[in-house]
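Data block below; observations after.
Where a number appears in this text, it was derived from the coordinates with a stated rule and is not lab data. Note that the structure is a prediction, hence the values are computed from the model and not measured. Note that we place each Cβ from the backbone using ideal geometry, even for glycine, and neighbour counts take in every protein chain shown.
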Amino acid sequence: MLDYITSYLHSNETPGGAGNMFWAFLYILAIFVGLSIAVIAMNWLERKILAHMQVRLGPMRVGPHGLLQPIADALKLLIKEDIMPAEADQLVFWVAPLITVLAAFTTFIVVPFGPTHAVTDMNIGILFMLGVSSLGVLGIVTAGWASNSHYPLIGSLRSSAQMVSYEIAMGLAVVSAVLMTSLHGSGIYGTGTAGSGIGTLSMIGIVNAQQEQQTWFAFKFFPLGLIALFVFAVAMVAETNRAPFDLPEAESELTAGFHTEYSGFRWSLFFLAEYSAMIAVSSIAVTLWLGGWLRPFANLLSGPTWDLVFSAFPGLTFLGLAAMALFSAKRMPKHRFFKIQTLGLAGFGAVLGLIGLILFIPPVRDRIQDIYWFVAKVAVFMYLYIWYRGTFPRYRFDQLMQVGWKVLLPTGLAVLVATALVGVL
Amino acid sequence: MQPVATTFFFYFLSALALVGGVLVITRRNAVHSALALIVTLLALAGIYLMLYAPFVAGVQIILYAGGIMVLFLFVIMLVNLERAEKEKQFNKQWLVAIVASGALGLLFVKVFTESKTIPGLLQKPLAELAETSNTQQVGLALYGNYMLAFEIASLLLLVAIVGAVVMAKKKI
């Protein structure tokens, strides 16, 4: 048994590829826990950042700077009464949130956090991710229908139309990135010989291709990769029903859209699914265009010295967070009512600082790097999501369709054709 | 990786597909039928995976379960369900249906019994199990040997799309 567990440590494959059930299970558990923490953190960050963008303070009451607010919210949701409308379709009403959550979580099986840090590596990786995440819309549609109420039905009708439209633009952008894995480019764009490579759909294979070609696909064939990334970045916001494309749950028109009738734990499942779907599509974008786990400036600043400098980043990030927490603790009001809060914040800062110091230990430092860069890039996209929400007004439905079919779809097609031409010529 | 519990998964997925299929035609509520159809399609995707065809399984999920079924549900929601539930669900062609399905069943049984007489046909896989390069091989086959058939099929789809637009729009 112990041999079975330790035998994986020497292989340089994913647990799924090595066929080791124990480590696969451990990875799944780690991803599940990490994802839940990320969703909780996003909940707090979104409120805080949105509040600061609107010159408000945001949550300040529960814990220092509202740090315990998400936990209080989770508790509230768990002990809230679970209401099911009498006229609702009981079975479908019950199944709908499960479909969305399952679809959102299952995609993370193939997300590559590092060259071996994925549950498994599939030959059809990106296809699997797109396919399973597209199942999430079924949950939204059935939830709206099963509620047997007007607003949810309108919300889910909008949602299905929107998702089907933007999936096409998204798929075209993805295909142009997949095309880049096999094309090295020649003539004006580079040195390679045309048609020498074999393409791949596997998520790890795509990042490996970027490493071999020494460029992130966002910067390959100069404007083309960036345009494809732009098309994907717009389509993915629409796919996850976030502002400015949040018509399915437009609260000014439809109260809460498809989940109007849901409350308590069932509602929190939708919430969980929405945020994990956001993380999932962001990690598709990072894997396909931004080099996945590869560190930035690998060409410009290469060599062992720079490797060492960049490997210090994870520890420095945590030390920076710790410094922020300690600074805020110092600035807390001196009144005795705030004594526990100040102590708590200082303790939180100390824990962060300790984690930061642990990340400087060489064996840990080398193993954590891939995961750090991947998560950091995903975090940029998550911040963008919040920024969009604070910046753009909601689209009207006809404008939404206009953008999807008349702007993104032709652009995606043109980029696809241009990528193929440039790669072969 | 060596496959585990192959027989169990085969019977599990087949049973899931059959139960889903029966529910599709017996449920009076169209949305329930559509959900049962999704279960069937996903079970079929699992069976494709067991046949070492991950690409087909992925396409099955993304196209049928994720794309077409969403459109189905979209249309069903616009239908008046209360009236549809009262209407008759079956037409009077059960005699033809029994003959057709009986013939199909006989064909299956015949193929199964015949193949048993050829030694080794059911035991060993007919093609090389290329799980790790399935997508690449599908691509090579589609754009190599079966180029013409593939292009003709795509042309057919184009005609269908244009036809749908012409039928739906009064003024073009």
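Of note:
- Compactness of the protein assembly as shown is given as radius of gyration and Dmax, 26.4, 91 Å, from Cα positions.
- Residue B:159 versus residue A:7: modelled label distance in nm, points set 7 Å from Cα along the beta carbon direction: 5.7
- Region B:128-172 gives an Rg/Rh value of 1.29, both radii derived from C-alpha positions and Rh following Kirkwood.
- Pairs of Cα atoms nearer than 8 Å and 6+ residues apart set the relative contact order; for chain A it is 21 percent.
- Mean separation of Cα contacts under 8 Å, 6 or more apart, over the residue count of region B:1-84: relative contact order %: 27
- Of A:371, A:79, A:140, A:279, the sequence from fewest to most neighbouring Cβ atoms within 10 angstrom is A:79, A:371, A:279, A:140.
- Simple label model, 7 Å out from Cα along Cβ direction - residue A:340 to residue B:116, nm: 7.6
- Relative exposure of A:395, A:4, judged by other C-beta atoms within 10 Å (fewest first): A:4, A:395
- Theoretical ellipticity at 222 nm over the protein assembly as shown - DSSP helices of four or more residues, -39500 (n - 2.57) apiece, nearest 500: -22500 deg cm²/dmol
- FRET efficiency, 1/(1 + (r/R0)^6) with R0 30 Å, evaluated for residue A:49 and residue A:226 via beta carbons: 0.70
- Two-site label geometry, residue A:425 and residue B:79: point separation in nm, points 7 Å out along Cα→Cβ: 5.0
- Rounded to the nearest 0.05, the FRET efficiency derived from the C-beta distance between residue A:211 and residue B:71 at R0 = 45 Å is 0.70.
- Magnitude of the charge dipole, the protein assembly as shown, Cβ model with Lys/Arg +1 and Asp/Glu -1, debye to 20: 1300
- Considering every alpha-carbon pair of region B:1-84, the percent of pairs per 5 Å bin, from zero through the bin containing the longest distance, is 3, 15, 21, 21, 17, 10, 7, 4, 2, 1, 0.
- Separation between Cα centres of region A:318-360 and region B:145-172, rounded to whole Å: 64
- Region A:264-419 shape via C-alpha gyration tensor axes, a/c threshold 1.5: oblate
- Distance between region A:87-138 and region A:362-385 - C-alpha centres, whole angstrom: 22
- Whether region A:4-100 is rounded, prolate or oblate, judged on the alpha carbon gyration tensor where a/c under 1.5 counts as rounded: oblate
- Stretching the chain fully between residue A:252 and residue A:354 yields a gain of 32.2 nm (0.36 nm per residue, less the alpha carbon separation).
- Proxy reagent accessibility, fewest Cβ within 10 Å first, across A:52, B:32: A:52, B:32
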